[in-house]
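Okay, structure first, notes after.
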Amino acid sequence: MTEDTHTDTLRTPIVAVLGHVDHGKTSLLDEIRGSAVSEAEAGAITQHIGATDIPLDTISRMAGELVIPDDFDLPGLLFIDTPGHHSFSTLRARGGALADIAVLVVDVNDGFQPQTEEAIDILRRTGTPFVVAANKIDTTPGWNPQEGEPIQRSMEAQSERAMSMLNENLYEIIGQLSDAGFSADLYWRVQDFQKNIGVVPVSAITAEGVPDLLAVLMGLSQRFMKEEMAIDVNGPGEGTVLEVKDERGFGATVDTVVYDGVIENGDEIVVGGQEEPIVTEVRALLQPRPLAEIRTEKQFEKVASVGAAAGVKIAAPDLDDAMAGAPVRVVRDKPLDDAIAEVKAELAEIEVDTAEDGVVVKADTLGSLEAMANALREAEVPIMRAEVGDVAPRDIAITETANQEEHKALLAFNVDILPNAETELESADVKLFTNDVIYQLIEDYETYVEERQRAQQ
Ligand code: GDP
């Protein structure tokens, strides 16, 4: 760390959970959140918009007999609530990954699946340290549940037969990680996180192994993240849009993860938009109300400021065109032009190479648009136009202008088809592909192209 940053404070590491559908991401997050709430001193767990903040002392209690060393000085862990690698790839910060560390959830019986591979590719590309949660160990035949126990203790209570089945599955996952280029080991033998990926057997249902997972996550962040965690707590806020949502009484708002500095009510901000960066002023910073109050009163409460790392809903005029995955910058003491230039530069990194003739791509976020563009480049499919947003009539019209028949295709990832676009589609010479799994979307398109070619022969 350089001299002039010595006043910086360590912020909470940002953790994302990813993995194949149904492997237990949501359950694991629920389990961590739920047990955090029951372990915490009243009010210590803060539910943010899009994230849950668990302080270090609560994590220490959750880890139980697994001691988190006293010299750990990171304030806790901020878990992003939207699980899935597709949301993970949205989570960018200054060109890298927004999440500092990740949990890759793998169903211990099911092993690696296509979305596990996709997730691994993203983790590799972004250089994000991760731990593998080998989930659903309680479904091992003959398993004798040891609710909430550290994994070694839980394993000691199992029959030889159950243990040998579990071990077989775990070593299969370790083999698959090795095929993917990562040297991995069961967590308790991991001495050096730089070389080894820890594989922690867990159950999101019985919470066995969850204490270990938290201990490994703290260890990972403490070892890797110190310098990147150092922030100027009073500096102008920097964040990433998770989602753009209309809220009653506020209009378009952006759910944002703040990873540096502070955002204050009334701040001038620059937000990445569909056409141009949006310059606006924060009208309200909103957090969820405590659960008990939600039913009776308004859903949100206003806060005066939020400091990194945190999730917050920003209400401000003119946010309709904001994009999920786009940067948010507080202007404050730097010139407005600099902030606009920063936002533009970040968006430029995601720009997609387009060809004169090619398919049209629509995706829900910048991150998924980028992932689609990468996957299509690998499949050697040219792109004529790529945009964030739902499928609108204009997209159909553009798709129809493609020269080659097989390029008159619209690939829509995780977005809605607007009703008037549906009508348009009925009469248009355009083939629409929709899916919320990238590789399937592209596979469907490739199959279509192959069938066309075969029919023509
Ligand atoms: P996601 O799609 O990855 O978020 O997966 P979910 O969390 O929705 O889990 C998919 C299904 O697996 C649900 O029916 C869960 O109850 C179940 N499940 C998740 N984790 C576990 C586990 O550790 N043990 C058992 N027995 N079931 C689990």
_Cβ-placed point charges (K, R +1; D, E -1), dipole of the chain about Cα centre in debye, nearest 20_ = 780
_Isotropically averaged projected area of region 373-451, using the convex hull of Cα atoms (one quarter of hull area), nm²_ = 4.9
_Cross-link reach list, aspartates and glutamates versus K334, counting only Cα pairs under 14 Å and skipping chain neighbours closer than eight places_ = E238, D267, E268, E342
_Principal axis dimensions, region 194-337 - Cα atoms, whole angstrom, descending_ = 47, 42, 28
*Stretch A397-Q274 to full length: gain in nm at 0.36 nm per residue minus the Cα-Cα span?*
42.4 nm
*Radius 10 Å from Cβ of A316, net charge of other residues (Lys, Arg +1; Asp, Glu -1)*: -3
*Would you calculate, for the chain, the mean residue ellipticity at 222 nm contributed by helices, counting each DSSP H stretch of 4 or more residues as -39,500 (n - 2.57) and dividing by all residues, to the nearest 500?*
-10000 deg cm²/dmol
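Taking the Cβ-Cβ separation of Q152 and D121 as r and a Förster radius of 30 Å, what is the calculated FRET efficiency to the nearest 0.05?
0.40
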*Where the centre of each part is set by its Cα atoms, how far does region 423-449 sit from region 96-134, in angstrom?*
27
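Using the C-alpha gyration tensor of region 146-244, what are the square roots of 5 times its eigenvalues, in whole angstrom, with the largest one first?
32, 17, 14
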*Please work out the FRET efficiency for the pair D357 and E227, using the Cβ-Cβ distance as r and a Förster radius of 60 Å; give the result to the nearest 0.05.*
0.85
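Report the rotationally averaged projected area of the chain based on its alpha-carbon convex hull, in square nanometres.
Over every viewing direction, the Cα hull of the chain projects on average to 24.8 nm².
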*Projected area, mean over directions - region 23-75, Cα convex hull, nm²*: 4.4
*Any idea what diffusion coefficient region 106-156 gets from Stokes-Einstein, in µm²/s, Kirkwood Rh on alpha carbon pairs, 37 °C, 0.692 mPa s?*
255
*Size of region 40-152 as Cα extents on the principal axes (Å, biggest first)*: 42, 36, 27
*For region 294-400, the Rg and Dmax computed from alpha carbons only, in angstrom*: 18.1, 55
*Taking the dipole about the Cα centre of the chain, with the C-beta of Lys and Arg at +1 and of Asp and Glu at -1, give me whichever of S38, F79, L285 is farthest to the positive side.*
S38
*What does the charge dipole of region 125-241 about its Cα centre add up to, to the nearest 20 debye, if the Cβ of each Lys and Arg holds +1 and the Cβ of each Asp and Glu holds -1?*
140
*Where in the chain lies the longest segment free of trypsin sites (Lys or Arg not before Pro) that are both loop residues by DSSP (not H, G, I, E, B) and have at most 15 other Cβ atoms within 10 Å?*
299-457
*Calculated FRET efficiency, D57 and Q299, Cβ-Cβ r, R0 30 Å, to nearest 0.05?*
0.55
*Could you pull out the longest piece of the chain with no exposed loop GluC sites (Glu not before Pro) in it, calling a site exposed if DSSP puts it outside H, G, I, E, B and it has at most 13 other Cβ atoms within 10 Å?*
148-274
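Just so you know, all these numbers are worked out from the coordinates, no wet-lab data involved. Because the structure is predicted, anything quoted here is derived from the model rather than measured. Cβ atoms come from the backbone with ideal geometry, glycine included; neighbour counts cover every protein chain shown.
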